[in-house]
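Asks: First the structure, then my questions, so here it is.
The values are calculated or read from the model by the stated rules, or taken from the named source; none is laboratory data. If you're wondering where the values come from, they're calculated on a predicted model, not measured in any experiment. Quick reminder, even Gly has a Cβ in these numbers, built from the backbone with ideal geometry, and neighbours come from all protein chains shown. Heads up: the accessible areas ignore ligands, DNA and RNA and are worked out on the full protein's heavy atoms, side chains in. Shrake-Rupley method; radii C 1.70, N 1.55, O 1.52, S 1.80 Å.
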Amino acid sequence: MSEIKPDELLNKIDYAPGSGNWMDNTASVQIRPGMYCYAAKAESVETLGLPNARPWNPLEEDWKLPDNWQEIVFQGLKERLERFRTFKVFMDICVRCGACADKCHFFLGTGDPKNMPVLRAELLRSVYRNDFSTAGKLLSKLPGGKALAGARPMTLDVLKEWWYYFFQCTECRRCSVFCPYGIDTAEITIMAREIFNLLGLNIDWIATPVSNCFKTGNHLGIQPHAFKDMLEFFVEDIETATGVNCTPQFQKKGADILFITPSGDVFADPGTYTCQGYLILFQYLKEKYGLDVTWSTYASEGGNFGFFTSHETMKRLNAKMYAEAKRLGVKWILGGECGHMWRVIHQYMDTMNGPADFLEVPKNPITGTVFENARSTKMVHITEFTADLIKHGKLELDKSRNDDFIMTFHDSCNPSRGMGLLDEPRYVIENVCNHFYEMPPNTIREQTFCCGSGAGLNAGENMELRMAGALPRANALKHVHEKYGVNTLGTICAIDRAALSTLCEYWVPDVRVAGVHELVGNALILPGEKKRTENLRFEPLPGVEEEDDE
Ligand code: SF4
Ligand code: SF4
């Protein structure tokens, strides 16, 4: 938790503009503890086959860069400008209108002007103008021309400033919703981070999970037997709560559906309750309709921290899910509650590793619904699947079991802005809970505020940054907590289940976090279940204590 108390953090926010040209104060940028993430460990960088693996410390003067680092940055930019048309367009078309300026949670939570999306992009754009744009090159020859062109050369101070601020962007894309030109600052951050990787400048919270994924198939480095053991613990807990054994299948060749979820659901509370919800749902569907779902200890990660490293690394991590689907001969893939996993699937997978023609267009075998939206990726989000089952009256649910959950819903940036998954989670929540209240409209759906910890920034050492970035989301949550007594923040992202728990503890301590399928697991009436007296957290169900007293 941040050493700075919430009141102190609030008092530090200063929106007063600084004086002078922002380009002149680059040298004074201080990389401050609490605001940055530790450097990637050399062994993790080595595992990924990325260059310049060595121990280094962002607080030290010498970052141990290759001698030709400026040439590497120049070539890296050049290649990306040629390869990614959007990047080139985004470099050229910003009119600096400022519509995005106050839309970033990091600017709102810190007041630092370099956290305005427009200025974050200018950090890189200024070098682009200096090295690549004709106007920038011409104007730069005149006295005072560089300032006029908004151009500056690449120096070590500029590189350090880039590193500091591009690791203060969660690639959430809220700014792009408000830009009249659709400029996506997240994409500029992605390019900057690719360039950092050419120099060995990744952060450890990204590089080590990716390295773990290369070695064991998941970010947490869980070995296959431990992954299986964890699910077996959940089976025991579910049996205690429901009296029903929900033992899953692993690596079943010829199963109808392969289920893949982020490893955070298997190893970290409160995601573990969400995972139990999946197991209960699959047991119900097997008993009632013969649904054949398999898990895999090989494709044991839905998340993709490669996305925060480079397109190439993202592609490698994404590929294993499809390789496993092919090996097992399943019809299609069902994906769990995750954030960036869905951005990768929805926006990149098809042209990156697809089309996955060896799989079938997903069709719900129970309702007959064909998921046309997944025609190319062959992968369906579990809230789409469950919403479809509810819509067709295929689930027997007792909403009252969730009466102690006074809900609101946090739209995670990637499923909402990245794939438009806005209504299905709400539909499921409203069918398994009696109490649901929305946060204010300008903080939800496409305009949702980030948790402040996405895109690999969910580390422990940058807690001041995370809690500052969490402030806008926390404000909206506090509002519904005070107005309606909301005590639970629902979400469909594994990073969020961890990050929002910390956010709540810091800003709104009486609110807890729950995945949507935890609520499904509580409400679903399993065939053969015993009289349920506790929810999946082993808390007494509403009304049970009174019954006991009688
Ligand atoms: S809203 Fe778009 S055009 Fe306006 S300053 Fe921001 S990025 Fe530039
Ligand atoms: S993508 Fe999100 S974190 Fe990054 S600049 Fe835009 S609003 Fe801020």
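Asks: For Val513, list long-range residues whose amide hydrogen, built 1.01 Å from N in the peptide plane, is under 5 Å from its own amide hydrogen.
Replies: Placed amide hydrogens put Leu489 under 5 Å from Val513.
Asks: Normalise the Cα radius of gyration of segment 364-452 by 2.2 N^0.38 Å (N = residues in it) and let me know the number.
Replies: That works out to 1.18 for segment 364-452.
Asks: While we're looking at this one, here's another question. Once you compute Rg and the Kirkwood Rh from C-alpha atoms, what is the Rg to Rh ratio for segment 71-214?
Replies: That ratio equals 0.97.
Asks: For the chain, what is the percent of antiparallel DSSP beta bridges, rounded to the nearest 5?
Replies: Counting only bridges with both partners in the chain, antiparallel ones make up about 20 percent.
Asks: Stick to the Cα atoms of segment 248-335, pair each with every other, and give me the Kirkwood hydrodynamic radius in Å at one decimal.
Replies: Result for segment 248-335, one decimal place: 13.6 Å.
Asks: Rounded to two decimals, what is the ratio between the C-alpha radius of gyration of segment 185-309 and 2.2 N^0.38 Å?
Replies: Computed over Cα atoms of segment 185-309, the ratio equals 1.26.
Asks: Provide the packing ranking of 39-45, 235-241, i.e. peptides ordered by the mean count of other C-beta atoms within 10 Å per residue, highest first. Can you show the working numbers first?
Replies: Working: 39-45: 20.0, 235-241: 16.7.
In descending order of packing, they fall as 39-45, 235-241.
Asks: Same structure, new question: Amide H to amide H under 5 Å from Leu524: which residues, 5+ apart in sequence or cross-chain, H placed 1.01 Å off N in plane?
Replies: Amide H neighbours of Leu524: Asp398.
Asks: Of the listed pairs Lys326/Lys530; Lys88/Lys478; Lys331/Lys531; Lys41/Lys478; Lys78/Lys141, which have alpha-carbon separations greater than 32 Å here?
Replies: Lys326/Lys530; Lys88/Lys478; Lys331/Lys531; Lys41/Lys478
Asks: Continuing with this model, one more query. Please list 502-515, 353-366 highest first by mean number of surrounding beta-carbon atoms within 10 Å per residue.
Replies: Per-residue Cβ counts within 10 Å, averaged per peptide and sorted highest first, yield 502-515, 353-366.
Asks: Determine the distance separating the Cα centre of segment 11-56 from the Cα centre of segment 100-140; give it in Å without decimals.
Replies: Centre-to-centre distance over Cα atoms comes out at 16 Å.
Asks: Give the separation of the Cα centroids, segment 442-486 to segment 201-235, in Å.
Replies: Result: 26 Å between the Cα centres.
Asks: Please give the residues of segment 436-473, grouped as numeric ranges, whose backbone N is less than 12 Å from a label point set 7 Å along the Cα-to-Cβ vector of Lys483.
Replies: Only 437-444 fall inside the zone, counting backbone N under 12 Å.
Asks: Related question: Sorted by mean Cβ packing within 10 Å, highest first, what order do the peptides 309-315, 139-145, 495-501 take?
Replies: So the order, starting with the most tightly packed, is 495-501, 309-315, 139-145.
Asks: If you take the beta carbon distance between Arg375 and Lys399 as r and set R0 to 30 Å, what does 1/(1 + (r/R0)^6) give as a FRET efficiency, to the nearest 0.05?
Replies: 0.35
Asks: I'm a student and want to see the number: the projected area of the Cα convex hull of the chain, averaged over all directions, in nm².
Replies: Directional mean of the projected Cα hull area for the chain stands at 25.4 nm².
Asks: How much length, in nm to one decimal, is gained on full extension between Gln347 and Arg85, taken as 0.36 nm per residue of separation minus their Cα-Cα distance?
Replies: Result: 92.8 nm gained on full extension.
Asks: If you don't mind, there's one more thing I want to ask. All other residues with a Cβ under 10 Å from the Cβ of Val293 taken together, and with Lys, Arg as +1 and Asp, Glu as -1, what is their net charge?
Replies: 0
Asks: Here's something else I'd like to know. Return the long-range amide H neighbours of Met439 (sequence gap of 5 or more, or a different chain), with a cut-off of under 5 Å between placed amide H atoms.
Replies: Phe409
Asks: Over the chain, with every protein chain in place, what whole percent of the accessible area is carbon and sulfur at 1.4 Å, could you tell me?
Replies: The C+S portion of the solvent-accessible surface of the chain is 50 percent.
Asks: Also, I was wondering about something else. Between beta-carbons, use under 11 Å as the cut-off and find the net charge around Asn304, counting Lys and Arg +1, Asp and Glu -1. Kindly include the intermediate steps, with their values, before the conclusion.
Replies: Values: positive: Lys315, Arg316, Lys320, Arg343; negative: Glu301.
Summing Lys/Arg as +1 and Asp/Glu as -1 gives +3.
Asks: Between Val361 and Asp269, what length in nm is gained on full extension when 0.36 nm per residue of separation is reduced by their alpha carbon distance?
Replies: 29.8 nm
Asks: How far is it, in nm, from the label point at Glu236 to the one at Asp92 when both lie 7 Å from their Cα along the line to the Cβ?
Replies: 6.3 nm
Asks: Can you give the local net charge around Ala40? Use residues other than it whose beta-carbon is closer than 11 angstrom to its beta-carbon, Lys and Arg +1, Asp and Glu -1.
Replies: Within the 11 Å Cβ shell, the charges total -1.
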